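Take a look at the structure set out below.
The values are calculated or read from the model by the stated rules, or taken from the named source; none is laboratory data. Just so it is clear, the model here is predicted, and its values are computed rather than measured. Note: ideal-geometry Cβ built from the backbone for every residue, glycine included; neighbour counts use all protein chains shown. Keep in mind that these areas ignore ligands, DNA and RNA; they rest on the heavy atoms of the full protein, side chains included. Shrake-Rupley method; radii C 1.70, N 1.55, O 1.52, S 1.80 Å.
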Amino acid sequence: MSKVLVSNGNIGSATATILANLGHDVCLLVRKPDSNPELEKLGITITVADAAKSETLAQAFEGVDAFFFVSPLVENMVELAAHLIAAAKQAGVKHIVRSSANGATPDAPIAMGKLHGQVEQLIKNSGIAYTIVQPATFFQNIFGSIGTIKSQQAFYGSAGEGKNGLVDVRDIAAVAATAINEGAKHVGKTYIVTGPEAISNADMATVLSKKLGKEIKYVNLSAADLGKAYKGYGMGDWVVNALLELDNITKLGYVANLSDDVKSVTGRIPISFGQFVDDNLAGFK
């Protein structure tokens, strides 16, 4: 089996777990030394490097055959990605699988789509075989509202009644891991990864109410008020604007598209929001 370097994070950890269970030699790329007993039990090793410091990357990519590549939502995403892609090319990496974003293009109308699209273009221009995974917004983002769900029986946003093809991180990981494990048949492909249905924040509130046995409300705020709340949590202006842009295109109906790619790649239907809540019920309670 191949040696795979995997970016750290929710998607990365889930992908690393699948790949390790398939018998691959998996290294998790982290910025700071950390310990994860659950992953280490699977034989996953931790590799410390910082994409902002190119000189730290050569050792991380040594002997790597495939790279699963996720970026945090930061303003210098493209610069950091360029460092990683250059290091991968220098090391002779044969396959990059990139977790991008639904609707990403270099000229996308919102920052999130534009930056992810520019990173995709860098990968395509690198000459390395690639597979692009473009997921919708994650179910797991609702964890950021656990505090108000518990204390106020409510969560907040500015997407109005707009629907989104929301997806479970585990489905993104399953598609990415399959692309790495099966290799050549997925090279040059772009997969749109969505859940089984487009749902609104109000739809999620209905499901949460049923599963938790108490009324959970979705409260729609103006973009200005939500932005103030985000900044109150310490978020910087750039990230706040990027998140508000996503809510706006959701409100306008631009992210309600669905895809069969989870089933076509992995052979199973994507996880529903109801199943996601069932699987995480203890955390919501």
Requested in this report: May I ask you to list the residues in segment 112-139 that are in a helix (DSSP H, G or I) and open to solvent by 30 Å² or more (accessible area, probe 1.4 Å)?
Outcome: M112, K114, Q118, Q121, L122, K124, N125
Report summary line: Given the conditions (1) without any contact (Cβ under 8 Å) to a residue 24 or more places away in the chain; (2) in contact with a Ser or Thr (Cβ under 7 Å, 6 or more places away or on another chain), every one holds for Q134 apart from (1)
Report summary line: Filter segment 75-103 for residues that are assigned to a strand (DSSP E or B) and of a type outside the set (A, V, I, L, M); the one that is surrounded by the most Cβ atoms within 10 Å (Cβ to Cβ) is R98
Query raised in the report: Tally time: how many residues in segment 105-131 are closer than 21 Å to N8 by Cβ and within 18 Å of the chain's Cα centre (by Cα)?
Result: 8
Query raised in the report: What number of residues within segment 88-124 satisfy the criterion of being under 30 Å from M1 (Cα atoms) and at pLDDT below 95?
Result: 0
Report task. Kindly establish whether I142 is under 22 Å from S222 (Cα atoms), in a helix (DSSP H, G or I) and open to solvent by 10 Å² or more (accessible area, probe 1.4 Å). Result -> yes
Report summary line: Those residues of segment 261-285 which are aliphatic (A, V, I, L, M), open to solvent by 50 Å² or more (accessible area, probe 1.4 Å) and either closer than 20 Å to Q134 by Cα or not in a helix (DSSP H, G or I) (or both) amount to I269
Report task. Please go through segment 36-74 and pick out each residue that is open to solvent by 50 Å² or more (accessible area, probe 1.4 Å), of a type outside the set (A, V, I, L, M, F, W, C), without any contact (Cβ under 8 Å) to a residue 60 or more places away in the chain and more than 16 Å from G9 (Cβ to Cβ). Result -> P37, E40, K41, T45, K53, S54, E55, Q59, E62
Query - Pair list, Cβ under 8 Å, 6 or more apart: segment 160-181 residue on the phi > 0 side of the Ramachandran plot and modelled with pLDDT under 95, other residue assigned to a loop (DSSP other than H, G, I, E, B) and open to solvent by less than 10 Å² (accessible area, probe 1.4 Å) - result: none
**Report entry** Residues within segment 97-108 that are of a type outside the set (A, V, I, L, M, F, W, C) and free of Cβ contacts under 8 Å to residues at least 24 places away in the same chain, tallied
**Finding:** 3
Report task. Determine whether segment 191-211 contains at least one residue that is farther than 23 Å from Q275 by Cα, touching a strand residue (DSSP E or B) at 6+ places or on another chain (Cβ under 8 Å) and in contact (Cβ under 8 Å) with a residue 24 or more places away in the chain. Result -> no
